[in-house]
Every structure is written in structure tokens, then in C-alpha cells.
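**Student:** First the structure, which I've put down as C-alpha cells, then a few questions once you've had a look.
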Amino acid sequence: MSNRALKVLFGLSLAGALNACAPPDTIYTQSGWYLERPRIFFSWGPRLFKGPMTYEDCEVARKTLPEATAEQMLCIKEFAPPGPYGPY
């Protein structure tokens, strides 16, 4: 096997190992608007930070964060706990 193929194989196995060690989110309690941040690995699902709340409260909570962080956050209406791929 070539050196390049070994590097690709190592990178894929590392991504799979990191993906398997994802901690579950336990913030979901009921349906409503949640402040979320998408994750790099879709199988981890979104990271929930605050909620449930109204949409207006979610936007206020998002805008209180630093601007660089607020741009990465989403206010999403969740009717059930987000699955492994989130709402997107």
C-alpha cells in the first residue's frame, strides 16, 4: 500500500473513531424553539444549548452571544428530540 493510501485510511478511521465517541445531548425536554449549533460530523446531531422557549426569546439569547458565535447558532423548532442528523 502506498504512503498516501495509508494516510487516507488513517484519516478515515480517526474520523470514525471520533464519531463513535460523541456524547449524547440531554437538554431536550419538550417541543419548542431551541438554540442549536450544527456539528461537523452529522451523525453527532446538533448541539442544543438552550430551550425550550419562544422564537423571540431564542433570538434574544442568540444575539447576546459574541457575533462570531451567534452566526453559527440556529433557532430551530423541535417537535421531538433531534435525531442523529438533526433537522437539516
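The values are calculated or read from the model by the stated rules, or taken from the named source; none is laboratory data. On a predicted model such as this, the values are computed, not experimentally measured, just so you know. Every residue, glycine as well, gets a Cβ built from its backbone with ideal geometry; the counts of neighbours run over all protein chains shown.
**Student:** Name every residue in the stretch 36-61 that is touching an Asp or Glu at 6+ places or on another chain (Cβ under 8 Å), modelled with pLDDT of 75 or more and of a type in the set (G, A, S), in order of residue number.
**Tutor:** Listed by number, the list holds a single entry, G51.
**Student:** Is at least one residue of the stretch 62-81 within 10 Å of the chain's Cα centre (by Cα), aliphatic (A, V, I, L, M) and closer than 30 Å to S13 by Cβ?
**Tutor:** No, because not a single residue in the stretch 62-81 is within 10 Å of the chain's Cα centre (by Cα), aliphatic (A, V, I, L, M) and closer than 30 Å to S13 by Cβ.
**Student:** For the subset of the stretch 72-88 comprising residues that are assigned to a loop (DSSP other than H, G, I, E, B) and touching a helix residue (DSSP H, G or I) at 6+ places or on another chain (Cβ under 9 Å), which member is modelled with the lowest pLDDT? Steps first, please.
**Tutor:** Keep residues of the stretch 72-88 that are assigned to a loop (DSSP other than H, G, I, E, B), which gives 72-73, 79-88.
This time we only want the ones that are touching a helix residue (DSSP H, G or I) at 6+ places or on another chain (Cβ under 9 Å), so: 73, 84-86, 88.
Working: M73: 92, P84: 63, Y85: 62, G86: 60, Y88: 54.
So the residue we want is Y88.
**Student:** If you don't mind, another one. Please list, ordered by first then second residue, the pairs with beta carbon atoms under 9 Å, 6 or more apart or interchain, first in the stretch 47-74 and of a type in the set (K, R), second surrounded by 16 or more Cβ atoms within 10 Å (Cβ to Cβ) and part of a loop (DSSP other than H, G, I, E, B).
**Tutor:** Matching pairs, first to second residue: R47/D25; R47/P38; R62/M73.
Per-residue answers, yes or no, for (1) at pLDDT below 80; (2) loosely packed, with under 15 Cβ neighbours inside 10 Å:
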{"position": "P24", "(1), (2)": "yes, yes"}
{"position": "T29", "(1), (2)": "no, yes"}
{"position": "Y34", "(1), (2)": "no, no"}
{"position": "K63", "(1), (2)": "no, yes"}
{"position": "A70", "(1), (2)": "no, yes"}
